[in-house]
Amino acid sequence: MKTETIKPPDEKKVTLGTMSQWQLIRLRFCKHKLALVSLFVVIALYAVAILAQFLAPYPKNFKNMLCSYNPPMPVLFNLEHGFHTAKILRHVDQISYRKEYVSLPGEVVELELFGKGHAYSFLGLIETD
């Protein structure tokens, strides 16, 4: 008995001389690591710009003038309250009119992700809050 081996058809070898201009550009772009990182950064920036209404916690014209001079507050975590920050109270000195902010250690303000906010229209199509 004679056995014959079946050979697959010859695969075309792709060489630089047979590639189109776009294939050459894509090949060179994929080899450049900084270009790939920059591409992902640009995509992320465009995504943030498109989703700005969804990501922003307040409307663009919102101003809370009572809290404009609040000091930065650290984000804290414990098992009882989760992520939170200490509640602060603004005190205005009646003689010098100097504003002082006093932290109230017993009271906390719990932080939440995707909490209820102001009503807005997402991309001008979907009404939500």
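Rounded to a whole number, what % of the accessible area of the chain do carbon and sulfur atoms account for, probe 1.4 Å? If you can, show how the numbers build up before the last one.
Values: 7980 of 12570 Å².
Carbon plus sulfur share of accessible area: 63 percent.
Compute from the Cα atoms of the chain the Rg and the Dmax, the latter being the longest Cα-Cα distance, and quote both in angstrom.
Calculated on Cα positions, Rg and Dmax stand at 29.7, 113 Å.
Using the alpha-carbon atoms, what tilt in degrees (0 to 90, nearest 10) does helix 21-31 show relative to the longest principal axis of the chain?
Roughly 60 degrees, rounded to the nearest 10.
At R0 = 41 Å, how high is the FRET efficiency between Ala35 and Thr85 if r is their beta carbon distance? Nearest 0.05 is fine. Before the final figure, lay out the partial values.
Details: r = 41 Å, r/R0 = 0.99.
Efficiency, rounded to the nearest 0.05: 0.50.
Report D for region 48-88 in µm² per second (integer): Stokes-Einstein, Kirkwood Rh on Cα pairs, 4 °C, 1.567 mPa s.
99
Considering every pair of different Cα atoms, what Kirkwood radius, in Å, is found for region 72-129?
So the Kirkwood estimate lands at 14.5 Å.
Enter the accessible area per residue of region 86-129 (Å², integer; probe 1.4 Å; all protein chains in place).
On the way: 3870 Å² over 44 residues.
Result: 88 Å² per residue.
The values are calculated or read from the model by the stated rules, or taken from the named source; none is laboratory data. Note that the structure is a prediction, hence the values are computed from the model and not measured. Cβ: placed from backbone, ideal geometry, glycine included. Neighbour counts: every protein chain shown. Ligands, DNA and RNA are stripped out before the accessible areas are found, and what is left, the full protein with its side chains, is counted by its heavy atoms. Shrake-Rupley method; radii C 1.70, N 1.55, O 1.52, S 1.80 Å.
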